[in-house]
Each structure stands twice: as structure tokens, then as C-alpha cells.
1. What nm distance separates the two modelled labels at residue 157 and residue 33, each placed 7 Å from Cα along Cα→Cβ?
2. Could you work out how far apart the two model spin labels at residue 15 and residue 244 are, taking each label as a point 7 Å from the Cα in the direction of the beta carbon, and quote it in nm?
3. Note the full-extension length gain between residue 300 and residue 26 as 0.36 nm times their separation in residues minus their Cα-Cα distance, in nm to one decimal.
4. So what is the 222 nm mean residue ellipticity for the chain from helices alone, if each DSSP H run of at least 4 adds -39500 (n - 2.57) and you divide by all residues, rounding to the nearest 500 deg cm²/dmol?
5. What percentages, rounded to whole numbers, describe P(r) for the chain computed over all alpha carbon pairs with 10 Å bin width beginning at zero?
6. Viscosity 1.567 mPa s, temperature 4 °C: what is the translational diffusion coefficient of the stretch 251-313 from Stokes-Einstein with a Kirkwood Rh over Cα pairs, rounded to a whole number of µm²/s?
7. Please compute the length gained on full extension between residue 168 and residue 75, using 0.36 nm multiplied by the number of residues separating them and subtracting their Cα-Cα distance.
8. Taking the chain as a Gaussian network, where each spring joins two C-alpha atoms under 10 Å apart, which residue of 272, 15, 151 fluctuates the most?
């Protein structure tokens, strides 16, 4: 049987959820994205989406209406208005909106997380340092409690008050980071923010792979630079990213090739060569395996979808 306090908490959460939905819907009235405050991004979609590939950023993600799933390697994470997603490192992911309609569009927000801010809040809160030897997966989903949701709503309210936002937004962002640190995903946030455990080494490896993705990958060299054995590097890299280093590099290469063909009109062979493939048939097979269609057909489909979207606005 629920207590009066539990009922008040539930009523407060319900009111905040409704307000969040209304404010995001007012702020972004057509499908797409917007950044009403620095680091705060809104998204609206009127229909479920196909699986889209992108690079994640360190971010706190909340859904006001609808639901979404994210794939990291072979791992799948689904969240909705009752849950939040925390991502703590830049890496290739796939995601799709599951629940959306013109009457009840998908409405969500993403708050980019600055590692320096996280570190500062950790120090101020006396949060314990990361355990040596630990590695923590870079993405997870947890229940969104009433206090965390309340802070999110107060941040979103500031989009209507730019003068107040200048002073109050940094304070509310600190509160959100503090509540994340004190919640069940605190260790995940902590591992990325401080120089402790193996997650920091893997973050360095990810930076290296992202900057040199078109170069041959020499696992032994990377592991040696991190002061790790090859087997230990493989184990901890997959623990954090849900992918092997080679799988990670492959996804980066294929996403960049797709961008080059779409944004710079490169043909498939040129794009393959530019991202590090020497064999175009090998590139075509791996591209189709990831995106579901050969390069030319995939790019034509994406351009057609873009034309249809532009024509409907």
C-alpha cells in the first residue's frame, strides 16, 4: 500500500512529465532537432524511424514522450519516459525511434556532459575515486527518479528566460550531474571523468582509433602504449564498448564512407579508399552487412528520403 509521501512523489513526477512534454513540443513544433540552450538538444519525430547509425557523445538522455532503442555492438538498450540513458564516451552506435505518431510525436532531450564539469562536481561532492582495474560499459539505462526529472524540467523552463538561463543553467546542470553521480549510474559517469581504472585507458584508445581510423590497426602497438597486454586490452575494450577494436574501427570507417558519399558526392570506390579499404569488394560486403544495402542503393535511398522530408515541410 502506497504512503501519502509516495503518492505526492508520483503526482509530482506526473506533473513534471506532462510539463516536460508540453515545453519540448512548444519549443520544436516540426520534426527535427533544436538546441535552445548550449548543450541542451531537443528532438521531435512524428513517425517511428529505421535504425540510424551515428557517433554517441557523453550525454544524459531523457524521453518526454515515445520510446527509443540504442544498439552498442551486440547490446541493446530501450528507454522511455520512465527511464534515462547515460552515454559516457564517443563511439559508433545505432538507434531507432520505436513509438511515435503525428498525434503523439516522439519528444526527447539530450544534455551534453562535460567531463571537466563532472570532475568538478565529483570533487565538490567528495565522490570516491574510481577503483583501479575496473572497467564500466559506456552506455546504460536506469529509472528516472522524481528529483532528477524535477531538475530537468527546471532546466528546460529556462529556455523562456535567457537572462536567468545565463546564471541558473550552469547551477542546474551541476545539480543534474550530482544526482547522476549519486544514482545507480554514478560509477559509469565517474569512470569517464577521472583518471582511474581501465576505462580511462580505453577512452584513450577510443580517441586514438577515432583520429586514425583510416590507418592499419596494430593492436600490439596500441596495447603497448597503454601499458596493457594484448589480451587485457581486448577484454577491457569490449567490456566498455561492446565491440572488439577491429569491429569499432570498421564501424567508424563505414560511417565515414557513408558521410563522404552523401555529403561530398564521392563514389563508393573513392570513399572506400579514403577511409582505409584497399579492396572495394570487401568494402561493399561490409557496408551492406552494416547498413542493409550496397553503398549506391543505400545512398540513393537516403537522398530520396531527404527529398521527401524536405518536400513535406
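Taken together, the values in this text are just the output of simple stated rules run on the coordinates, not laboratory data. Keep in mind it's a predicted model, so treat the numbers as computed, not measured. Quick reminder, even Gly has a Cβ in these numbers, built from the backbone with ideal geometry, and neighbours come from all protein chains shown.
1. About 2.8 nm, to one decimal.
2. Going by the 7 Å Cα→Cβ label model, 5.5 nm.
3. Values: separation 274, 0.36 × 274 = 98.64 nm, distance 3.37 nm.
Result: 95.3 nm gained on full extension.
4. Numbers: 12 runs with 166 residues, N = 313.
When only DSSP H runs of four or more count, the value is -17000 deg cm²/dmol.
5. 6, 23, 30, 26, 12, 2, 0
6. Working: Rh = 11.9 Å.
D, rounded to a whole number, is 109 µm²/s.
7. Values: separation 93, 0.36 × 93 = 33.48 nm, distance 3.69 nm.
Length gained between residue 168 and residue 75: 29.8 nm.
8. 15
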